[in-house]
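The values are calculated or read from the model by the stated rules, or taken from the named source; none is laboratory data. Just so you know, these numbers come straight off a predicted model, no measurement behind them. Methodologically, a virtual Cβ is constructed for each residue, glycine included, from the backbone with ideal geometry; neighbour enumeration extends over all protein chains shown.
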Amino acid sequence: MTVNANTPTDQEIAEWDRDHHLHPWAAVEGFGTDEYMRVNTADGIYLWDAEGKRYIDGPGGMWCAQIGYGRKEMADAIAAQVMEMPYASPWSFTTEPASVLARMIAERSPGDLNTVHFTTGGSTAVDTALRTAFFINNRLGRPEKKIVIGRERGYHGSTFLAATVTGKERFKTQFDKAEELVHFLPDVNPYHRPAGVSLEAWCDAKVEDLQKAIDVIGADRIAAFIAEPVLSSGGVIVPPPGYHKRTLEICRANDILYISDEVVTGFGRLGHWFASEEVFDIVPDMITCAKGLTSGYLPLGACIISDALMQRAAEAEGDDVFYNGYTYSGHPVSCTAAIKNIEIMEREDILGHVRKVTPLFQGRMREIKEKFDIVGDARGEGLLGCIECRPDLEKDTYSEKLKFGQKLDDACEKMGLLLRPFGNMAVFSPPLIITEEQIGDMFDIMEKGLEQISREYDA
């Protein structure tokens, strides 16, 4: 912030934020009273608060800070584009950044996913994918084929359709959803499988859940199956091996579109541009992405559509219009940021770096599981992980788990590590540039936090 005579004091900033800024997911009882940590500066994997204290950014912003903070060449590219062409209506014009970025995404997407529709973020990318599925079925004369199959613990966004297909079971909200459009499959988390059930048997059961749903609902009424390769906000849940490929095969056999929500896993989080094919051996009909697309420097999302699906839409009878888009679709400055982001990732081989340090990252989490009785599970893929604790609670409710998570978060925060607690779970998705030494620092603090919290809770 540039200092001048009108620069507000720290107290004024806190008051203005408290009195006028409605944050995402703010608790109603906290309106006008909650105060948030103010971060002033950032560099690499670190954030500094208003008092100058440094923190490791364990969550990587919101799963998005791939190339890290403080990239001057990113700032320069953004500034240059602002001066040259800050905005152009996507209804009337195209721009070089939008066209170049669309091509770059298509080149890195699996299979025949070559058509890119730009959105404002992950939620609008998911809305676009679902609306596209409905649009195509309407063009094919199948207006009844509209139900979407989602999964418990899946998270897909906050816009109306994205929230509708979000299955995080702890959500009890007064926000409306289109309940008639969605059917949720049971939890796929291998950690929650019954004792004595093998991973293979668990996979069989989870695949059967999909087939049973199709049998009951009817394939002629189901438009799409939407799935995160790794259920991220649900607790970094990695489905059992073979799950994605087998569910895709069932979708293909029943003419149900497969939407892979890669808003978190796309752009390097698992060591590849996209995880669908490289990690899970599937080529879906559509992929949604955002977050790591610009490394969080500017908002941008995209829905990537297969050639086969585009051809089906084009060959159907009728001269319809694809009535979907946003004022900021293909925003030239955001697209410039994404182009520069991809250039940096390729020049520095950040994808290769992720693959190189993943064994250390995942290994440290699993060592923590073995070291602490209070830890029930440690899981993840790439630089995406979750430590799930199992505190001995008198009341085993989500509210009590929230209290536990907050205590663990507070303990680590005092030692310079920011967590993203989900109840009794702590999630990690640090900037992809994190070094082996920094991974050690991060998990060293986590261990000290668990030592403190273990003394308070009996496992």
Strands (runs of 3 or more DSSP E) (entirely within segment 246-307) containing at least 1 residues that are of a type in the set (Asp, Glu) and under 30 Å from ALA42 (Cα atoms): 257-261
Wholly enclosed strands (runs of 3 or more DSSP E) of segment 382-451 bearing at least 3 residues among the acidic types (Asp, Glu), farther than 30 Å from GLU348 by Cα and in the same structural domain as ILE237 (by TED's automatic domain parsing): none
Matching residues in segment 367-381 - criterion: being closer than 30 Å to LEU351 by Cβ and touching a helix residue (DSSP H, G or I) at 6+ places or on another chain (Cβ under 9 Å): GLU367, ILE368, VAL375, ASP377, ALA378, ARG379, GLY380, GLU381
Single unsatisfied condition, ILE342 versus (1) of a type outside the set (Asp, Glu); (2) outside any helix (DSSP H, G or I); (3) over 24 Å from ASP127 (Cβ atoms): (2)
Restricting segment 99-146 to residues that are of a type in the set (Asp, Glu) and more than 24 Å from GLU278 (Cα to Cα), the residue that is nearest to the chain's Cα centre (by Cα): ASP127
Single residue of LYS371, LYS414 found to be at pLDDT 95 or above, charged (D, E, K, R), under 25 Å from GLU51 (Cα atoms) and surrounded by fewer than 16 Cβ atoms within 10 Å (Cβ to Cβ): LYS414
Residue check for THR7: free of Cβ contacts under 8 Å to residues at least 60 places away in the same chain, loosely packed, with under 12 Cβ neighbours inside 10 Å, of a type in the set (Ser, Thr, Tyr) and not assigned by TED's automatic domain parsing to the domain that holds GLN174: yes
Residue in segment 245-263 that is nearest to the chain's Cα centre (by Cα), counting only those that are crowded, with 24+ Cβ neighbours inside 10 Å and among the polar types (S, T, N, Q): SER260
Scope segment 38-62; condition farther than 23 Å from PHE267 by Cβ and part of a loop (DSSP other than H, G, I, E, B); matching residues: ARG38, ALA50, GLU51, GLY52, LYS53
Top-ranked residue of segment 381-411 - restricted to ones that are surrounded by 20 or more Cβ atoms within 10 Å (Cβ to Cβ) and of a type in the set (Gly, Ala, Ser), ranked as nearest to SER295 (Cα to Cα): GLY382
Entirely in segment 63-173, the helices (runs of 4 or more DSSP H) that have 3 or more residues that are in contact (Cβ under 8 Å) with a residue 40 or more places away in the chain and surrounded by 20 or more Cβ atoms within 10 Å (Cβ to Cβ): 72-84, 96-108, 122-139
Residue identified as hydrophobic (A, V, I, L, M, F, W, C), buried (at least 24 other Cβ atoms within 10 Å of the Cβ), within 21 Å of LEU113 (Cα to Cα) and assigned by TED's automatic domain parsing to the domain that holds SER158 among PHE280, PHE322: PHE280
Residue pairs meeting the criteria (Cβ under 8 Å; at least 6 apart or on separate chains; first in the same structural domain as PRO186 (by TED's automatic domain parsing), in segment 197-217; second part of a helix (DSSP H, G or I) and of a type in the set (Lys, Arg)): CYS203/ARG246; VAL207/ARG246
Hits in segment 29-51 (condition: modelled with pLDDT under 95 and at positive phi): GLY32
